[in-house]
Amino acid sequence: MKRPIIGILTWREGKSFAEPSYFRKMIRAGEELGCTVFLFSPPDVSANGKQIRGFIPAARGWQARIFPRPDAVIDRYRYTPTDAFKRYVAFRRTSDLLYTNNRLANKWKVHEVLVKDSRMHRWLPETVLYNRLNLQKMLARHPLLYVKPANGTGGRNILSVEKTSQGYHLLGRDKQRAKVSMVIKQLESVQARVKSWATRDKYIVQQGLYLNLVPGRAVDMRLLIQKNGEGLWSITGAGMRVGGAKSATSNLHGGGRAVPVKSFLVATFGEQKTNEIIRDCEQLAYQTVETLENHFGRMMEMGLDIGIDVKGRAWLIEVNPKPGREIFREMGMLGQYKDAIKRPIQYAMHLAKTQSGKRAATN
């Protein structure tokens, strides 16, 4: 039986890659699972698409080799300069490689798809596109708001606006993840500050949630749901992220820490309520991937940021189609961490096998 060949599409500059440590682990997992895995970027594909200049780990750095057309491709392209990203988008539109995952749209488009499904409504905070009037209307309806870029990641450029007895408290992190904190008295000045914050790209305004299960800190759940070697969705695991002091987000990059879900929630809600919350979050996850996959096409994995408010209600804050998995390692959950790395390879192998059989049947 032919050894499966799996390509990982990513950004590179020379022999520098965006996530080298993670990719080394994926390639090692591929070896253990009996397949060949290599990295490549759009310029590495030959004109006829039959050969690819791929990269595999060397003793130091990476070495290039010529590989045949892969049986399946995992799209892990992220963290790129604007020009490179445009070339990637053009490549994805014209490429006929077999991908494990389609591209997901920006946060606003994702929200539009989810809100059209009535089964999702109980988990969705109110979300609108940012403009001056929408910000004013949302501030009238909600004491806490988040202003965030539609294409943002890693907690960058997210600003919270909270009405307090002293005025409006603005708290966030800029593109360099530097903290910003200020109190502004007048609504007009808030409008001006938010306008200067949301200068580039498209921004959304989202209903803020009281997720401070730890006083003074943002808390949420990161749940990873992935397809397994049989092509079925399965929850790999989850962890609670407790944000740093005076931080608008819980991101680990911004000083947050990860703690196990059940022990954290039991301390606040007790055993029975915690079990109900966890079941609800799992239902949320399966419904989210079903709704999004029905619209955007085949997906492979999603990281869901789920807020648990002080009443124990679950809210879907954000969906990441190319999520990290370091939260499991930080919690010492090494079994889930290894599964999280292996599952994309296992699903790619399953897809290659099943699609190969379909193609052979039609020839």
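Name the residues in the stretch 54-68 that are open to solvent by 50 Å² or more (accessible area, probe 1.4 Å), under 19 Å from CYS35 (Cβ atoms) and without any contact (Cβ under 8 Å) to a residue 60 or more places away in the chain, would you? GLN63, ARG65, ILE66, listed by residue number.
In this structure, ARG87 qualifies as within 30 Å of GLU318 (Cα to Cα), assigned to a helix (DSSP H, G or I) and open to solvent by 50 Å² or more (accessible area, probe 1.4 Å).
One residue stands out among those in the stretch 183-216 that are touching a Phe, Trp or Tyr at 6+ places or on another chain (Cβ under 9 Å) and surrounded by fewer than 13 Cβ atoms within 10 Å (Cβ to Cβ): the one that is farthest from LEU133 (Cα to Cα), which is VAL183. In this structure, GLY256 does not qualify as open to solvent by less than 30 Å² (accessible area, probe 1.4 Å) and farther than 29 Å from MET138 by Cβ. Restricted to the stretch 95-175, the set of strands (runs of 3 or more DSSP E) holding at least 3 residues that are more than 17 Å from the chain's Cα centre (by Cα) and buried (at least 17 other Cβ atoms within 10 Å of the Cβ) comprises 144-149, 158-164, 167-173.
Of everything in the stretch 288-323 that's surrounded by fewer than 18 Cβ atoms within 10 Å (Cβ to Cβ) and of a type in the set (Gly, Ala, Ser), which residue is farthest from ILE74 (Cα to Cα)? Here the residue is GLY312. Taking residues in the stretch 86-114 that are free of Cβ contacts under 8 Å to residues at least 40 places away in the same chain and closer than 18 Å to ARG76 by Cβ, and partners anywhere that are outside any strand (DSSP E or B) and open to solvent by less than 30 Å² (accessible area, probe 1.4 Å), not one pair has Cβ atoms closer than 7 Å while being at least 6 places apart or on different chains. Residues of the stretch 15-45 that are hydrophobic (A, V, I, L, M, F, W, C) and not in a helix (DSSP H, G or I): PHE17, ALA18, CYS35, VAL37, PHE38, LEU39, PHE40, VAL45.
For GLY243, the test of being at pLDDT below 90 and buried (at least 20 other Cβ atoms within 10 Å of the Cβ) is passed.
None of ASN101, ASN106 is in contact with an Asp or Glu (Cβ under 9 Å, 6 or more places away or on another chain), at negative phi and at pLDDT 95 or above except ASN101. Flag: GLN272 does not match the condition of being part of a helix (DSSP H, G or I), modelled with pLDDT of 95 or more, touching an Asp or Glu at 6+ places or on another chain (Cβ under 9 Å) and open to solvent by 20 Å² or more (accessible area, probe 1.4 Å). Can you tell me how many residues in the stretch 6-29 are farther than 18 Å from GLY324 by Cα and open to solvent by less than 20 Å² (accessible area, probe 1.4 Å)? So the answer is 2.
Could you identify the single residue in ALA285, ALA361, ALA352 that is on the phi < 0 side of the Ramachandran plot, loosely packed, with under 15 Cβ neighbours inside 10 Å and either of a type in the set (A, V, I, L, M, F, W, C) or at pLDDT 95 or above (or both)?
Selected residue: ALA361, the only one of ALA285, ALA361, ALA352 that is on the phi < 0 side of the Ramachandran plot, loosely packed, with under 15 Cβ neighbours inside 10 Å and either of a type in the set (A, V, I, L, M, F, W, C) or at pLDDT 95 or above (or both).
Inclusion of TYR77 among residues that are of a type in the set (Ser, Thr, Tyr), part of a helix (DSSP H, G or I) and crowded, with 16+ Cβ neighbours inside 10 Å is not warranted.
For the stretch 49-58, give me each residue that is assigned to a loop (DSSP other than H, G, I, E, B), under 24 Å from ASN102 (Cβ atoms) and either at pLDDT 95 or above or out of contact with any strand residue (DSSP E or B) (no Cβ under 9 Å at 6 or more places or on another chain) (or both).
Across the stretch 49-58, the qualifying residue is only GLY49.
The values are calculated or read from the model by the stated rules, or taken from the named source; none is laboratory data. The structure displayed is predicted, hence computed values, not measured ones. With ideal geometry, Cβ positions are generated from the backbone for all residues, glycine too; neighbour counts draw on all protein chains shown. Heavy atoms of the whole protein, side chains included, go into the accessibility calculation; ligands, DNA and RNA do not. Shrake-Rupley method; radii C 1.70, N 1.55, O 1.52, S 1.80 Å.
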